[in-house]
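Before any comments, here is the structure.
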Amino acid sequence: MATERKALFVFFGGTGDLAYRKLYPSLFNLYRKGNLRSHFAVIGTSRQAMDDDKFREAVRKSLADSGNRADSKEATDFSSHFYYQAHDVTNTAHYSVLKEAADKLDKKYKLEGNRIFYLSMAPQFFGTIAQDLKSQGLMSTNKGAFNRLVIEKPFGRDYDSAKQLNDALSKSFEEEQIFRIDHYLGKEMIQNIEALRFGNTLVESLWNNRYIDNIQVTLSEKLGVEERASYYDNSGALRDMVQNHIMQIVSLLAMEQPVAFTDTDIRAEKVKALRSLRVYNVADAATNFVRGQYGSINDQPDYRHEDNVPEDSTTETFVAGKLLFDNYRWSGTPFYVRTGKMLADKFTRVDVVFKRPLVDIFAFPQSQNTPLAANVLTIFVEPHAGFSLQLNAKTNDAGFSTEPIKLDYLVDAEKSKDTPEPYERLLHDVLKGDGTNFSSWPEVSYAWKFVDQIRRVWDLQEPQFPNYTPHSMGPAAAEELIQRDHREWIYRLNK
Ligand code: NAD
(Lines give C-alpha, C1' and ligand atoms only; values in the text may rest on other atoms or scores of the structure.)
Protein backbone atom coordinates (compact mmCIF):
# COMPACT_ATOMS: atom_id res chain seq x y z
CA MET A 1 0.00 0.00 0.00
CA ALA A 2 1.60 3.31 -1.11
CA THR A 3 1.97 6.09 1.46
CA GLU A 4 0.64 9.43 0.30
CA ARG A 5 3.20 12.23 0.62
CA LYS A 6 2.27 15.91 0.87
CA ALA A 7 4.40 18.44 -0.99
CA LEU A 8 4.59 21.44 -3.25
CA PHE A 9 6.98 20.95 -6.19
CA VAL A 10 8.49 24.04 -7.78
CA PHE A 11 10.21 23.22 -11.07
CA PHE A 12 12.70 25.80 -12.34
CA GLY A 13 13.06 25.04 -16.04
CA GLY A 14 9.49 23.73 -15.96
CA THR A 15 9.06 24.01 -19.74
CA GLY A 16 12.36 22.30 -20.54
CA ASP A 17 13.09 19.01 -22.25
CA LEU A 18 13.88 17.11 -19.05
CA ALA A 19 10.71 18.27 -17.29
CA TYR A 20 8.40 17.21 -20.13
CA ARG A 21 10.23 14.04 -21.09
CA LYS A 22 11.04 12.61 -17.67
CA LEU A 23 9.89 14.58 -14.64
CA TYR A 24 6.15 15.02 -15.28
CA PRO A 25 5.60 11.43 -16.51
CA SER A 26 7.49 10.21 -13.40
CA LEU A 27 5.31 12.32 -11.10
CA PHE A 28 2.26 10.89 -12.88
CA ASN A 29 3.43 7.36 -12.09
CA LEU A 30 3.80 8.30 -8.44
CA TYR A 31 0.27 9.71 -8.60
CA ARG A 32 -1.14 6.54 -10.18
CA LYS A 33 0.53 4.45 -7.49
CA GLY A 34 -0.89 6.62 -4.69
CA ASN A 35 2.39 8.21 -3.49
CA LEU A 36 0.82 11.50 -4.52
CA ARG A 37 -2.96 11.97 -4.30
CA SER A 38 -4.91 15.04 -3.26
CA HIS A 39 -2.26 16.85 -1.19
CA PHE A 40 0.23 17.93 -3.82
CA ALA A 41 0.68 20.82 -6.23
CA VAL A 42 3.22 21.68 -8.89
CA ILE A 43 4.40 25.11 -9.98
CA GLY A 44 6.22 25.11 -13.29
CA THR A 45 8.35 28.17 -13.96
CA SER A 46 10.36 29.54 -16.84
CA ARG A 47 10.78 32.92 -18.49
CA GLN A 48 8.05 32.60 -21.08
CA ALA A 49 4.44 33.71 -20.49
CA MET A 50 1.80 30.96 -20.36
CA ASP A 51 -1.48 30.42 -18.52
CA ASP A 52 -2.30 27.43 -16.33
CA ASP A 53 -4.52 25.80 -18.97
CA LYS A 54 -1.82 25.85 -21.62
CA PHE A 55 0.68 24.46 -19.14
CA ARG A 56 -1.70 21.65 -18.12
CA GLU A 57 -2.24 20.85 -21.77
CA ALA A 58 1.54 20.60 -22.27
CA VAL A 59 1.80 18.37 -19.19
CA ARG A 60 -0.94 16.04 -20.55
CA LYS A 61 0.89 15.95 -23.88
CA SER A 62 4.07 14.92 -22.07
CA LEU A 63 2.10 12.08 -20.44
CA ALA A 64 0.77 11.01 -23.83
CA ASP A 65 4.26 11.12 -25.36
CA SER A 66 5.43 8.73 -22.69
CA GLY A 67 2.70 6.20 -23.44
CA ASN A 68 -0.16 7.28 -21.14
CA ARG A 69 -3.79 8.09 -22.01
CA ALA A 70 -3.82 11.90 -21.89
CA ASP A 71 -7.63 12.08 -22.04
CA SER A 72 -8.19 9.78 -19.04
CA LYS A 73 -9.85 11.14 -15.90
CA GLU A 74 -6.66 10.30 -14.02
CA ALA A 75 -4.50 12.43 -16.35
CA THR A 76 -6.98 15.33 -16.15
CA ASP A 77 -7.19 15.15 -12.35
CA PHE A 78 -3.40 14.91 -12.11
CA SER A 79 -2.79 17.90 -14.38
CA SER A 80 -5.33 20.01 -12.46
CA HIS A 81 -2.68 20.16 -9.68
CA PHE A 82 -0.28 22.00 -12.07
CA TYR A 83 0.14 25.80 -12.09
CA TYR A 84 2.36 27.98 -14.19
CA GLN A 85 4.31 31.05 -13.11
CA ALA A 86 6.43 33.14 -15.51
CA HIS A 87 9.67 33.70 -13.62
CA ASP A 88 13.10 34.97 -14.53
CA VAL A 89 15.45 33.30 -12.08
CA THR A 90 17.86 36.23 -12.24
CA ASN A 91 15.20 38.73 -11.14
CA THR A 92 14.97 38.80 -7.34
CA ALA A 93 11.61 40.60 -7.39
CA HIS A 94 10.02 37.63 -9.19
CA TYR A 95 10.61 35.43 -6.16
CA SER A 96 8.07 37.34 -4.03
CA VAL A 97 5.40 36.64 -6.65
CA LEU A 98 6.41 32.99 -6.59
CA LYS A 99 6.24 32.98 -2.79
CA GLU A 100 2.65 34.26 -2.88
CA ALA A 101 1.66 31.53 -5.35
CA ALA A 102 3.42 28.88 -3.24
CA ASP A 103 1.73 30.01 0.00
CA LYS A 104 -1.69 30.04 -1.70
CA LEU A 105 -1.28 26.49 -3.04
CA ASP A 106 0.03 25.33 0.30
CA LYS A 107 -3.25 26.40 1.93
CA LYS A 108 -5.45 25.16 -0.90
CA TYR A 109 -3.97 21.63 -0.95
CA LYS A 110 -3.07 21.45 2.78
CA LEU A 111 0.59 20.74 2.05
CA GLU A 112 1.78 21.49 5.61
CA GLY A 113 4.64 23.60 4.27
CA ASN A 114 6.57 20.76 2.58
CA ARG A 115 8.51 22.09 -0.41
CA ILE A 116 10.66 20.55 -3.13
CA PHE A 117 12.58 22.95 -5.36
CA TYR A 118 13.77 21.18 -8.52
CA LEU A 119 16.44 23.02 -10.53
CA SER A 120 16.10 21.61 -14.03
CA MET A 121 18.04 24.24 -15.89
CA ALA A 122 21.52 25.47 -16.70
CA PRO A 123 23.80 25.09 -13.65
CA GLN A 124 25.06 28.69 -13.83
CA PHE A 125 21.72 29.66 -12.20
CA PHE A 126 21.80 27.16 -9.32
CA GLY A 127 23.60 29.46 -6.85
CA THR A 128 21.36 32.48 -7.53
CA ILE A 129 18.17 30.44 -7.24
CA ALA A 130 19.20 28.86 -3.94
CA GLN A 131 20.15 32.25 -2.54
CA ASP A 132 16.89 33.95 -3.59
CA LEU A 133 14.74 31.05 -2.38
CA LYS A 134 16.07 31.77 1.09
CA SER A 135 16.33 35.56 1.00
CA GLN A 136 12.85 35.98 -0.50
CA GLY A 137 11.22 33.67 2.05
CA LEU A 138 10.22 30.79 -0.22
CA MET A 139 11.57 28.20 2.14
CA SER A 140 8.87 27.08 4.48
CA THR A 141 9.28 27.76 8.19
CA ASN A 142 6.40 25.49 9.31
CA LYS A 143 7.34 23.29 12.23
CA GLY A 144 8.15 19.77 10.99
CA ALA A 145 7.97 20.76 7.31
CA PHE A 146 10.75 19.98 4.85
CA ASN A 147 12.52 22.11 2.24
CA ARG A 148 14.48 20.06 -0.30
CA LEU A 149 16.60 21.20 -3.21
CA VAL A 150 17.08 18.89 -6.21
CA ILE A 151 20.01 19.67 -8.50
CA GLU A 152 20.58 18.34 -11.99
CA LYS A 153 24.01 17.56 -13.36
CA PRO A 154 26.61 18.84 -14.10
CA PHE A 155 27.78 19.75 -10.59
CA GLY A 156 30.71 21.97 -11.56
CA ARG A 157 33.32 21.40 -14.27
CA ASP A 158 36.23 20.81 -11.89
CA TYR A 159 36.80 20.71 -8.14
CA ASP A 160 37.11 24.51 -7.77
CA SER A 161 33.89 25.36 -9.61
CA ALA A 162 32.03 22.52 -7.86
CA LYS A 163 33.22 23.84 -4.48
CA GLN A 164 32.15 27.35 -5.39
CA LEU A 165 28.69 26.05 -6.34
CA ASN A 166 28.46 23.97 -3.19
CA ASP A 167 29.46 26.93 -1.02
CA ALA A 168 26.72 28.99 -2.68
CA LEU A 169 24.08 26.29 -2.10
CA SER A 170 25.19 25.71 1.49
CA LYS A 171 24.35 29.32 2.38
CA SER A 172 20.67 28.40 1.99
CA PHE A 173 20.43 24.60 2.32
CA GLU A 174 21.99 22.05 4.65
CA GLU A 175 23.73 19.07 3.03
CA GLU A 176 20.85 16.71 3.96
CA GLN A 177 18.41 19.03 2.16
CA ILE A 178 20.37 18.86 -1.12
CA PHE A 179 19.64 16.00 -3.55
CA ARG A 180 22.22 15.89 -6.36
CA ILE A 181 20.78 13.80 -9.17
CA ASP A 182 22.86 11.07 -10.78
CA HIS A 183 20.22 9.16 -12.71
CA TYR A 184 22.45 6.05 -12.91
CA LEU A 185 21.81 5.63 -9.18
CA GLY A 186 18.10 5.30 -9.99
CA LYS A 187 18.71 2.29 -12.26
CA GLU A 188 17.43 -1.06 -11.04
CA MET A 189 20.66 -3.02 -11.48
CA ILE A 190 22.87 -0.32 -9.98
CA GLN A 191 20.72 -0.51 -6.85
CA ASN A 192 20.97 -4.29 -7.13
CA ILE A 193 24.76 -4.13 -6.60
CA GLU A 194 24.10 -3.67 -2.88
CA ALA A 195 21.62 -6.59 -2.75
CA LEU A 196 23.99 -8.82 -4.68
CA ARG A 197 26.98 -7.99 -2.51
CA PHE A 198 25.53 -7.74 0.96
CA GLY A 199 22.73 -10.28 0.54
CA ASN A 200 24.93 -13.19 -0.51
CA THR A 201 27.69 -14.86 1.51
CA LEU A 202 28.84 -16.50 -1.71
CA VAL A 203 29.50 -13.12 -3.30
CA GLU A 204 30.64 -10.93 -0.43
CA SER A 205 33.07 -13.45 1.02
CA LEU A 206 34.95 -13.48 -2.29
CA TRP A 207 34.62 -9.72 -2.89
CA ASN A 208 38.26 -8.70 -2.41
CA ASN A 209 41.74 -8.78 -3.91
CA ARG A 210 42.38 -12.36 -2.85
CA TYR A 211 39.75 -13.71 -5.23
CA ILE A 212 38.99 -10.91 -7.71
CA ASP A 213 41.56 -10.28 -10.41
CA ASN A 214 39.98 -7.11 -11.83
CA ILE A 215 36.64 -5.35 -12.25
CA GLN A 216 35.50 -3.75 -15.53
CA VAL A 217 32.82 -1.08 -15.88
CA THR A 218 31.61 -0.21 -19.40
CA LEU A 219 29.09 2.52 -20.26
CA SER A 220 28.80 2.33 -24.02
CA GLU A 221 26.72 4.67 -26.17
CA LYS A 222 25.81 4.00 -29.76
CA LEU A 223 24.86 7.54 -30.73
CA GLY A 224 27.13 10.52 -31.33
CA VAL A 225 26.59 13.93 -29.75
CA GLU A 226 23.25 14.57 -31.50
CA GLU A 227 21.79 17.94 -30.49
CA ARG A 228 23.83 18.21 -27.28
CA ALA A 229 27.04 19.22 -29.10
CA SER A 230 27.44 22.71 -27.67
CA TYR A 231 27.14 21.40 -24.11
CA TYR A 232 29.17 18.26 -24.79
CA ASP A 233 32.07 20.00 -26.50
CA ASN A 234 32.67 21.99 -23.31
CA SER A 235 32.52 18.90 -21.21
CA GLY A 236 33.80 15.71 -22.87
CA ALA A 237 33.47 12.10 -21.74
CA LEU A 238 35.71 12.46 -18.66
CA ARG A 239 33.55 15.17 -17.08
CA ASP A 240 30.22 14.04 -18.55
CA MET A 241 30.42 10.33 -17.62
CA VAL A 242 33.48 9.42 -15.53
CA GLN A 243 33.34 12.07 -12.79
CA ASN A 244 29.75 11.25 -11.91
CA HIS A 245 28.20 7.98 -13.19
CA ILE A 246 31.34 5.85 -13.36
CA MET A 247 32.73 7.07 -10.03
CA GLN A 248 29.37 6.38 -8.38
CA ILE A 249 29.21 2.83 -9.77
CA VAL A 250 32.83 2.18 -8.79
CA SER A 251 32.27 3.42 -5.25
CA LEU A 252 29.28 1.05 -4.81
CA LEU A 253 31.45 -1.82 -6.04
CA ALA A 254 34.42 -0.88 -3.88
CA MET A 255 32.83 0.19 -0.59
CA GLU A 256 32.86 -1.78 2.65
CA GLN A 257 29.62 -3.14 4.09
CA PRO A 258 27.62 -0.26 5.61
CA VAL A 259 26.62 -0.57 9.27
CA ALA A 260 22.96 -0.40 8.21
CA PHE A 261 21.07 0.10 4.97
CA THR A 262 20.55 3.83 5.50
CA ASP A 263 21.61 6.80 3.40
CA THR A 264 24.02 8.06 6.09
CA ASP A 265 25.76 4.69 6.47
CA ILE A 266 25.98 3.97 2.74
CA ARG A 267 27.32 7.43 1.96
CA ALA A 268 29.92 7.10 4.72
CA GLU A 269 31.25 3.89 3.12
CA LYS A 270 31.24 5.31 -0.40
CA VAL A 271 33.22 8.31 0.79
CA LYS A 272 35.69 6.08 2.60
CA ALA A 273 36.22 4.06 -0.59
CA LEU A 274 36.75 7.20 -2.67
CA ARG A 275 39.25 8.49 -0.13
CA SER A 276 41.42 5.47 -0.76
CA LEU A 277 41.26 5.85 -4.54
CA ARG A 278 44.78 6.68 -5.68
CA VAL A 279 45.01 10.18 -7.17
CA TYR A 280 47.60 9.84 -9.91
CA ASN A 281 50.80 11.80 -10.31
CA VAL A 282 51.51 13.18 -13.78
CA ALA A 283 53.29 10.09 -15.09
CA ASP A 284 50.63 7.65 -13.82
CA ALA A 285 47.75 9.80 -15.09
CA ALA A 286 49.32 9.76 -18.56
CA THR A 287 49.80 5.98 -18.50
CA ASN A 288 46.60 4.88 -16.81
CA PHE A 289 44.06 6.93 -18.76
CA VAL A 290 43.53 7.12 -22.52
CA ARG A 291 41.15 9.23 -24.57
CA GLY A 292 39.61 9.09 -28.01
CA GLN A 293 37.50 11.01 -30.50
CA TYR A 294 35.45 9.34 -33.18
CA GLY A 295 36.29 9.58 -36.86
CA SER A 296 33.94 9.28 -39.82
CA ILE A 297 32.37 6.33 -41.56
CA ASN A 298 30.04 6.32 -44.59
CA ASP A 299 27.48 9.11 -44.04
CA GLN A 300 28.50 9.58 -40.44
CA PRO A 301 30.72 12.68 -40.11
CA ASP A 302 33.60 12.64 -37.66
CA TYR A 303 33.07 14.41 -34.34
CA ARG A 304 34.74 17.60 -35.57
CA HIS A 305 32.20 17.87 -38.39
CA GLU A 306 29.11 17.39 -36.24
CA ASP A 307 26.81 20.45 -35.99
CA ASN A 308 28.02 22.99 -33.42
CA VAL A 309 31.43 21.34 -32.91
CA PRO A 310 34.56 23.41 -33.75
CA GLU A 311 36.70 21.85 -36.48
CA ASP A 312 39.75 21.83 -34.20
CA SER A 313 37.96 20.44 -31.15
CA THR A 314 40.15 18.37 -28.82
CA THR A 315 37.18 17.20 -26.73
CA GLU A 316 37.30 13.48 -26.01
CA THR A 317 34.28 11.35 -26.91
CA PHE A 318 35.88 8.25 -25.36
CA VAL A 319 37.77 7.51 -22.14
CA ALA A 320 39.26 4.33 -20.75
CA GLY A 321 41.21 4.15 -17.54
CA LYS A 322 42.54 2.10 -14.68
CA LEU A 323 41.59 2.96 -11.10
CA LEU A 324 43.53 1.70 -8.08
CA PHE A 325 42.39 1.66 -4.48
CA ASP A 326 45.04 1.78 -1.80
CA ASN A 327 43.24 -0.20 0.85
CA TYR A 328 43.34 -3.67 2.35
CA ARG A 329 40.40 -4.98 0.30
CA TRP A 330 41.49 -3.82 -3.15
CA SER A 331 45.24 -3.27 -3.19
CA GLY A 332 46.53 -4.93 -6.39
CA THR A 333 43.07 -5.38 -7.98
CA PRO A 334 42.51 -2.74 -10.67
CA PHE A 335 39.14 -1.37 -11.75
CA TYR A 336 39.12 -0.73 -15.51
CA VAL A 337 36.50 1.70 -16.80
CA ARG A 338 35.53 2.83 -20.27
CA THR A 339 32.84 4.95 -21.82
CA GLY A 340 32.31 6.61 -25.14
CA LYS A 341 30.00 7.79 -27.85
CA MET A 342 29.47 6.26 -31.29
CA LEU A 343 30.54 2.83 -30.05
CA ALA A 344 29.35 -0.57 -31.22
CA ASP A 345 26.20 -0.73 -29.11
CA LYS A 346 24.28 0.93 -26.30
CA PHE A 347 24.73 -0.89 -23.01
CA THR A 348 26.02 -0.63 -19.46
CA ARG A 349 27.61 -3.60 -17.71
CA VAL A 350 30.00 -4.52 -14.93
CA ASP A 351 32.27 -7.57 -15.30
CA VAL A 352 33.82 -8.94 -12.14
CA VAL A 353 36.70 -11.19 -13.16
CA PHE A 354 37.79 -13.73 -10.55
CA LYS A 355 41.27 -15.19 -10.26
CA ARG A 356 41.83 -18.54 -11.90
CA PRO A 357 42.30 -21.56 -9.59
CA LEU A 358 45.87 -21.60 -8.25
CA VAL A 359 46.38 -25.10 -9.61
CA ASP A 360 44.75 -26.41 -12.77
CA ILE A 361 44.63 -30.16 -12.10
CA PHE A 362 42.97 -30.79 -15.48
CA ALA A 363 46.01 -29.53 -17.33
CA PHE A 364 48.14 -32.64 -16.70
CA PRO A 365 50.84 -33.30 -19.32
CA GLN A 366 48.86 -35.60 -21.68
CA SER A 367 45.66 -33.58 -21.34
CA GLN A 368 44.17 -31.85 -24.37
CA ASN A 369 42.15 -29.65 -22.04
CA THR A 370 42.21 -25.91 -22.58
CA PRO A 371 43.29 -23.96 -19.48
CA LEU A 372 40.47 -23.18 -17.05
CA ALA A 373 38.67 -19.94 -17.83
CA ALA A 374 38.28 -17.27 -15.17
CA ASN A 375 34.95 -17.12 -13.36
CA VAL A 376 33.20 -13.92 -14.38
CA LEU A 377 30.20 -12.33 -12.72
CA THR A 378 28.54 -9.92 -15.13
CA ILE A 379 25.98 -7.39 -13.96
CA PHE A 380 23.87 -6.27 -16.92
CA VAL A 381 22.53 -2.80 -16.14
CA GLU A 382 20.92 -1.89 -19.46
CA PRO A 383 19.27 -2.40 -21.87
CA HIS A 384 18.49 -5.79 -20.27
CA ALA A 385 18.72 -6.15 -16.51
CA GLY A 386 20.25 -9.27 -14.96
CA PHE A 387 23.34 -11.20 -13.89
CA SER A 388 25.40 -13.91 -15.45
CA LEU A 389 27.94 -16.10 -13.66
CA GLN A 390 30.51 -17.93 -15.74
CA LEU A 391 31.78 -21.17 -14.17
CA ASN A 392 33.82 -24.11 -15.45
CA ALA A 393 32.06 -27.46 -15.84
CA LYS A 394 32.75 -30.82 -17.42
CA THR A 395 31.72 -31.16 -21.03
CA ASN A 396 28.77 -33.46 -21.49
CA ASP A 397 30.58 -36.33 -23.21
CA ALA A 398 32.49 -39.55 -22.56
CA GLY A 399 35.93 -37.93 -22.21
CA PHE A 400 37.00 -35.46 -19.57
CA SER A 401 37.47 -31.91 -20.52
CA THR A 402 36.11 -28.68 -19.11
CA GLU A 403 34.26 -25.77 -20.66
CA PRO A 404 32.94 -22.45 -19.39
CA ILE A 405 29.17 -22.44 -18.81
CA LYS A 406 26.92 -19.57 -17.76
CA LEU A 407 24.27 -19.30 -15.06
CA ASP A 408 22.01 -16.52 -16.25
CA TYR A 409 19.35 -14.48 -14.51
CA LEU A 410 17.53 -11.97 -16.66
CA VAL A 411 14.70 -9.87 -15.26
CA ASP A 412 11.79 -11.02 -17.41
CA ALA A 413 10.00 -8.63 -19.72
CA GLU A 414 6.76 -8.82 -17.71
CA LYS A 415 8.55 -7.78 -14.49
CA SER A 416 10.66 -5.11 -16.12
CA LYS A 417 7.48 -3.41 -17.38
CA ASP A 418 6.77 -2.59 -13.72
CA THR A 419 10.32 -1.41 -13.00
CA PRO A 420 10.10 2.29 -12.20
CA GLU A 421 12.05 4.68 -14.40
CA PRO A 422 15.12 6.10 -12.63
CA TYR A 423 13.49 9.53 -12.36
CA GLU A 424 10.36 8.06 -10.76
CA ARG A 425 12.45 6.30 -8.11
CA LEU A 426 14.56 9.36 -7.48
CA LEU A 427 11.54 11.70 -7.16
CA HIS A 428 10.00 9.20 -4.76
CA ASP A 429 13.24 9.16 -2.74
CA VAL A 430 13.20 12.97 -2.58
CA LEU A 431 9.60 12.85 -1.32
CA LYS A 432 10.65 10.35 1.37
CA GLY A 433 13.80 12.32 2.19
CA ASP A 434 16.02 9.34 1.40
CA GLY A 435 19.41 10.49 0.11
CA THR A 436 20.84 6.99 -0.60
CA ASN A 437 20.70 7.30 -4.37
CA PHE A 438 22.06 10.83 -4.67
CA SER A 439 25.65 12.05 -4.68
CA SER A 440 26.79 13.69 -1.47
CA TRP A 441 29.20 16.62 -1.53
CA PRO A 442 32.18 14.63 -0.18
CA GLU A 443 31.65 12.01 -2.94
CA VAL A 444 31.44 14.70 -5.60
CA SER A 445 34.55 16.45 -4.31
CA TYR A 446 36.73 13.30 -4.18
CA ALA A 447 35.56 12.35 -7.68
CA TRP A 448 36.52 15.79 -9.02
CA LYS A 449 39.93 15.71 -7.36
CA PHE A 450 40.66 12.40 -9.09
CA VAL A 451 39.35 13.50 -12.49
CA ASP A 452 41.00 16.95 -12.36
CA GLN A 453 44.40 15.31 -12.24
CA ILE A 454 43.73 13.38 -15.49
CA ARG A 455 42.36 16.53 -17.13
CA ARG A 456 45.41 18.54 -16.06
CA VAL A 457 47.75 16.06 -17.73
CA TRP A 458 45.63 15.84 -20.89
CA ASP A 459 45.48 19.61 -21.21
CA LEU A 460 49.27 19.68 -21.54
CA GLN A 461 49.28 17.50 -24.65
CA GLU A 462 47.73 17.85 -28.10
CA PRO A 463 45.80 14.61 -28.76
CA GLN A 464 46.02 12.76 -32.08
CA PHE A 465 42.32 12.90 -32.99
CA PRO A 466 40.28 11.32 -34.51
CA ASN A 467 41.54 7.94 -33.37
CA TYR A 468 38.66 5.47 -33.45
CA THR A 469 36.19 4.21 -35.96
CA PRO A 470 32.49 4.63 -35.30
CA HIS A 471 30.76 1.40 -34.16
CA SER A 472 34.01 -0.01 -32.71
CA MET A 473 34.84 -0.24 -28.99
CA GLY A 474 37.16 2.77 -29.03
CA PRO A 475 40.79 3.44 -29.91
CA ALA A 476 43.61 0.89 -29.96
CA ALA A 477 45.03 2.61 -26.87
CA ALA A 478 42.09 1.24 -24.83
CA GLU A 479 43.14 -2.29 -25.76
CA GLU A 480 46.79 -1.57 -25.01
CA LEU A 481 45.86 -0.15 -21.61
CA ILE A 482 44.50 -3.49 -20.42
CA GLN A 483 46.77 -5.79 -22.48
CA ARG A 484 49.79 -4.18 -20.86
CA ASP A 485 48.56 -5.76 -17.61
CA HIS A 486 48.15 -9.14 -19.40
CA ARG A 487 44.37 -8.87 -19.25
CA GLU A 488 41.58 -8.25 -21.72
CA TRP A 489 38.20 -6.60 -21.83
CA ILE A 490 35.53 -9.20 -21.17
CA TYR A 491 33.08 -7.53 -23.53
CA ARG A 492 34.68 -7.64 -26.95
CA LEU A 493 33.16 -6.98 -30.32
CA ASN A 494 33.78 -10.43 -31.75
CA LYS A 495 32.14 -12.23 -28.78
P1 NAD B 1 16.25 22.93 -21.53
O2 NAD B 1 17.17 23.90 -22.18
O3 NAD B 1 15.33 22.12 -22.35
O4 NAD B 1 15.36 23.72 -20.45
C5 NAD B 1 15.84 24.81 -19.70
C6 NAD B 1 14.67 25.49 -19.01
O7 NAD B 1 15.16 26.63 -18.30
C8 NAD B 1 13.57 26.02 -19.94
O9 NAD B 1 12.33 25.81 -19.29
C10 NAD B 1 13.88 27.53 -20.01
O11 NAD B 1 12.74 28.30 -20.32
C12 NAD B 1 14.36 27.78 -18.60
N13 NAD B 1 15.19 29.00 -18.44
C14 NAD B 1 16.33 29.35 -19.08
N15 NAD B 1 16.79 30.54 -18.63
C16 NAD B 1 15.91 30.96 -17.67
C17 NAD B 1 15.83 32.09 -16.80
N18 NAD B 1 16.75 33.09 -16.82
N19 NAD B 1 14.79 32.16 -15.93
C20 NAD B 1 13.86 31.18 -15.90
N21 NAD B 1 13.89 30.09 -16.66
C22 NAD B 1 14.89 29.98 -17.55
O23 NAD B 1 17.18 22.03 -20.59
P24 NAD B 1 16.92 20.49 -20.14
O25 NAD B 1 17.40 19.60 -21.21
O26 NAD B 1 15.53 20.36 -19.65
O27 NAD B 1 17.96 20.34 -18.94
C28 NAD B 1 17.75 20.91 -17.67
C29 NAD B 1 18.85 20.47 -16.72
O30 NAD B 1 18.85 19.05 -16.64
C31 NAD B 1 20.26 20.85 -17.16
O32 NAD B 1 21.03 21.09 -16.00
C33 NAD B 1 20.78 19.58 -17.85
O34 NAD B 1 22.18 19.49 -17.81
C35 NAD B 1 20.13 18.53 -16.99
N36 NAD B 1 19.93 17.24 -17.66
C37 NAD B 1 19.10 17.13 -18.75
C38 NAD B 1 18.90 15.89 -19.34
C39 NAD B 1 17.95 15.71 -20.51
O40 NAD B 1 17.76 14.55 -20.89
N41 NAD B 1 17.38 16.75 -21.05
C42 NAD B 1 19.57 14.77 -18.85
C43 NAD B 1 20.40 14.91 -17.75
C44 NAD B 1 20.57 16.16 -17.17
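The values are calculated or read from the model by the stated rules, or taken from the named source; none is laboratory data. Model, not experiment: these values are computed from the prediction. No Cβ is skipped: glycine too gets one built from the backbone with ideal geometry, and neighbour counts run over all protein chains shown. For the accessible areas, the whole protein counts, side chains as well, though only heavy atoms, and no ligand, DNA or RNA atoms are used. Shrake-Rupley method; radii C 1.70, N 1.55, O 1.52, S 1.80 Å.
Remark: the stretch 402-482 carries a charge dipole of roughly 240 debye about the Cα centre, counting +1 on each Lys and Arg Cβ and -1 on each Asp and Glu Cβ.
What FRET efficiency comes out for residue 109 versus residue 50 if R0 is 22 angstrom and r is the Cβ-Cβ distance? Round to the nearest 0.05.
Working: r = 21 Å, r/R0 = 0.95.
It comes to 0.55.
The magnitude of the dipole of the chain, with charges of +1 and -1 set on the Cβ of Lys/Arg and Asp/Glu and taken from the Cα centre, is near 1140 debye. Seen through its C-alpha gyration tensor, with square-root eigenvalues sorted a ≥ b ≥ c, the chain comes out prolate because a/c lies at 1.5 or above while a/b is bigger than b/c.
How large is the convex hull of the C-alpha atoms of the stretch 384-495 per residue, in Å³?
Values: hull volume 26.5 nm³, N = 112.
About 237 Å³ per residue, rounded to a whole number.
Count Lys and Arg as plus one, Asp and Glu as minus one, and take only other residues whose Cβ is under 13 Å from that of residue 387; the net charge is then 0.
Angle of helix 159-170 to the longest C-alpha principal axis of the chain, folded into 0 to 90 degrees and rounded to 10: 30°.
What shape does the stretch 67-107 have by the C-alpha gyration tensor, where a ≥ b ≥ c are the square roots of the eigenvalues, rounded means a/c under 1.5, and otherwise prolate means a/b greater than b/c and oblate the rest?
Working: a/c = 5.67, a/b = 2.19, b/c = 2.59.
Oblate, since a/c reaches 1.5 and b/c is not below a/b.
Measuring between their Cα centroids, the stretch 218-240 and the stretch 252-270 lie 30 Å from each other.
The loop-placed trypsin sites (Lys or Arg not before Pro) in the stretch 198-306, going by DSSP, that have at most 12 neighbouring Cβ atoms within 10 Å of their Cβ come out as 210.
Just to confirm, what accessible area per residue do you get for the chain at 1.4 Å probe, in whole Å²? Display every interim value, and only then the final one.
Numbers: 22900 Å² over 495 residues.
The answer is 46 Å² per residue.
For the stretch 168-229, just say rounded, prolate or oblate: build the C-alpha gyration tensor, square-root its eigenvalues into a ≥ b ≥ c, call rounded for a/c under 1.5, and beyond that prolate if a/b exceeds b/c, oblate if not. Oblate, since a/c reaches 1.5 and b/c is not below a/b. Per residue of the chain, the DSSP helices (runs of n ≥ 4 H) give a summed -39500 (n - 2.57) that works out to -9500 deg cm²/dmol at 222 nm.
Solvent-accessible area of the chain (1.4 angstrom probe, protein heavy atoms only): carbon and sulfur portion equals 50 percent.
Projecting the Cα atoms of 15, 393, 202 onto the charge dipole of the chain (Cβ charges, centred on the Cα centre) puts 202 farthest toward the positive pole. Taking Cα atoms, how many degrees apart are the long axis of helix 126-135 and the longest axis of the chain, rounded to 10 and kept between 0 and 90? Here the helix axis deviates by roughly 40 degrees. Where does helix 94-109 land angle-wise versus the long Cα axis of the chain, in degrees 0 to 90, nearest 10? It works out to around 90 degrees.
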